[in-house]
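S.K.: Quick one: the structure is below, questions incoming.
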Amino acid sequence: MHPFTFSRTTDPATAIAAHAQDPYLAFIAGGTDLIGLMKDHAALPERLLDISGLPAMARIEALPDGGLRIGALARMSDVAADVEVRRRFPVIAESLLFAASGQLRNMASMGGNIMQRTRCTYFRDEDDLPCNKRRPGSGCAALYGLNRLHAIFGWSDDCVATNPSDVAVAFAALDANVIVQGPRGERSITFTEFHRLPGNTPERDNVLERGDLIISIEIPPRIEGRASYYLKLRDRQSYEFALVSAAAAVAMDGRRIRSARVAMGGVAHKPWRLTAAEAALPGVSLDDIEALKAAIATSFIDARPLAHNGFKVELGQRVALRALQVAGGRA
Ligand SMILES: Cc1cc2nc3c(=O)[nH]c(=O)nc-3n(C[C@H](O)[C@H](O)[C@H](O)COP(=O)(O)OP(=O)(O)OC[C@H]3O[C@@H](n4cnc5c(N)ncnc54)[C@H](O)[C@@H]3O)c2cc1C
Ligand code: SF4
């Protein structure tokens, strides 16, 4: 194991300043991803700063306007069990319950979840195979290697990895905001802009800078919130990351869709919004399967499967269809 020092802080300003000044310092919350990365030598911080004692960051607040504020240190299991989360945005609770295991969810924080790194085996592997995310400039072993689990949208020749977070897919569908405090104060980042596409800098997963501390995730009130659903398909029924997943949220006029929000997981370096489908879905009846399929297909025109993951193009459309049907049935 790589040697490191460990300290704690209960003061956000101290945490932000320490992180901004020291490139070898990493925040640790539940440790369920970071410790694994350190064991795999995919992250080698020299100093760990435990932020789990920062005050008032584990709250789950139901806001009077119908939205939610989820503290970055709230545990996945607490958020999944929260009555208002389940009532207002079932898609959030479901995406959490489909993730990891009970023990992991009891440790893992929401901030750590949206910061977790890809599960690309070449990235996690210690065998020093080419991986631009792990060692910039070394190449991408997955591009022409085993890429069954990799991206079909938005990838570059430098990286074809997917983002592994389930709840990030729900947050993207709901246009949540990530509230961040950094050396220059507080700012709000739209969820769809929080994670990045790989481009030629795949070592950067998101837009955070040194010194940035995630404080909370805010979900604005959404007319589509209650009729929402998360569907995750994976190689085994539990304790597995998504092959393909979909978060769908709809507002209905009877059996017709008034508005729809759909995001997918397991298909890109970031949660992937089906914006073309969202534009085509209003007015479509839930009973008109062909029209639903046609609307969803508009978002798959630009899919670019790799050698081993062509099945995700068909599977993704089926998952989106099923998620929409179940979400619509909840209205
Ligand atoms: C076996 C296994 C199976 C899993 N299966 C799934 C799954 O199916 N679906 C899924 O979504 N997830 C899954 N996970 C991932 C799990 O959800 C994450 O490991 C967990 O959410 C990370 O939270 P943490 O608090 O432990 O983060 P940590 O490991 O403590 O931190 C992770 C990263 O986030 C940074 N960080 C943490 N908090 C903050 C903050 N407030 N501000 C800025 N940076 C911060 C840390 O510096 C670190 O870089 C699985 C994990 C394991 C080990
Ligand atoms: S897909 Fe990305 S993470 Fe995987 S080997 Fe290629 S560069 Fe590394």
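No lab work stands behind these numbers, since they all come straight from the coordinates. None of these values were measured; they are calculated from a predicted model. Cβ atoms come from the backbone with ideal geometry, glycine included; neighbour counts cover every protein chain shown.
S.K.: Which one, I223, L149, H269, is farthest towards the positive end of the dipole of the chain when Lys and Arg carry +1 and Asp and Glu -1 on their Cβ?
M.R.: Ranked along the dipole, the leading option is I223.
S.K.: Next up: Of K270/K312; K232/K312; K133/K270; K39/K133; K133/K232, which pairs sit farther than 20 Å apart, going by alpha carbon to alpha carbon?
M.R.: K133/K232
S.K.: Hey, another quick one. By its C-alpha gyration tensor, with a ≥ b ≥ c as the square roots of the eigenvalues, how is the stretch 1-143 shaped: rounded for a/c under 1.5, else prolate for a/b larger than b/c, else oblate?
M.R.: Since a/c reaches 1.5 but b/c is at least a/b, the shape of the stretch 1-143 is classed as oblate.
S.K.: In the neighborhood of F6, defined by Cβ-to-Cβ distances under 13 Å, what is the net charge if each Lys or Arg adds +1 and each Asp or Glu adds -1?
M.R.: 0
S.K.: How charged is the neighbourhood of R204? Take every other residue with its Cβ under 15 Å from the Cβ of R204, and add Lys/Arg as +1 and Asp/Glu as -1.
M.R.: Charge balance in the 15 Å sphere: +1.
S.K.: Viscosity 0.890 mPa s, temperature 25 °C: what is the translational diffusion coefficient of the chain from Stokes-Einstein with a Kirkwood Rh over Cα pairs, rounded to a whole number of µm²/s?
M.R.: My calculation gives 122 µm²/s for D.
S.K.: Return the sequence-ordered ³J(HN,Hα) values of the stretch 82-88 in whole Hz as given by the Karplus equation 6.51 cos²θ - 1.76 cosθ + 1.60 applied to θ = phi - 60°, using x for Gly and Pro.
M.R.: The phi angles translate into 5, 4, 6, 4, 5, 7, 7 Hz.
S.K.: Note down the magnitude of the dipole of the stretch 41-158 about its Cα centre, charges +1 on Lys and Arg C-beta and -1 on Asp and Glu C-beta and zero elsewhere, to the nearest 20 debye.
M.R.: 200 debye
S.K.: Let me ask something additional. Counting just the Cα atoms, what span does the stretch 167-215 cover along each of its three principal axes? Round to the nearest Å and put the largest first.
M.R.: Result, largest extent first: 28, 26, 13 Å.
S.K.: Report D for the stretch 228-329 in µm² per second (integer): Stokes-Einstein, Kirkwood Rh on Cα pairs, 25 °C, 0.890 mPa s.
M.R.: In µm²/s, the coefficient is 180.
S.K.: Using a Gaussian network for the chain with springs between C-alpha atoms less than 10 Å apart, which of these wobbles most: P64, P221, P282?
M.R.: P64
S.K.: Okay, next question. Quick one: Cα centre-to-centre distance for the stretch 15-85 and the stretch 265-297, in angstrom?
M.R.: Here the two parts' Cα centres lie 32 Å apart.
S.K.: Step by step: find N for the stretch 5-48, compute 2.2 N^0.38 Å, then divide the Cα radius of gyration by it. What's the final number?
M.R.: Against the compact-globule rule of thumb, the ratio is 1.15.
S.K.: Calculated from DSSP H runs of 4 or more alone, at -39500 (n - 2.57) each and per residue, what is the 222 nm mean residue ellipticity of the chain, nearest 500?
M.R.: The helix-only estimate for the chain comes to -7500 deg cm²/dmol at 222 nm.
S.K.: Per the Kirkwood definition applied to all pairs of different Cα atoms, how many angstroms is the hydrodynamic radius of the stretch 223-273?
M.R.: Every distinct Cα pair counted, the radius reaches 12.0 Å.
S.K.: So, one more: Could you list I70, I301, I223 so that the one with the fewest beta carbons within 10 Å of its beta carbon is first and the one with the most is last?
M.R.: By the 10 Å Cβ count, ascending, the order reads I301, I223, I70.
S.K.: Kindly put F6, F153 in sequence by how many other C-beta atoms sit within 10 Å of each C-beta, fewest to most.
M.R.: Neighbour counts put them in this order, fewest first: F6, F153.
S.K.: Run the reach check for K293 against aspartates and glutamates, Cα to Cα strictly under 15 Å, same-chain hits fewer than 8 apart removed. What comes back?
M.R.: Reachable aspartates and glutamates: E278, E314.
S.K.: Next up: Considering amide H positions built from the backbone, and no H for Pro or chain starts, which residues 5 or more places from I215, or on another chain, come under 5 Å of its amide H?
M.R.: Those lying under 5 Å, H to H, from I215 are I179, V180, Q181.
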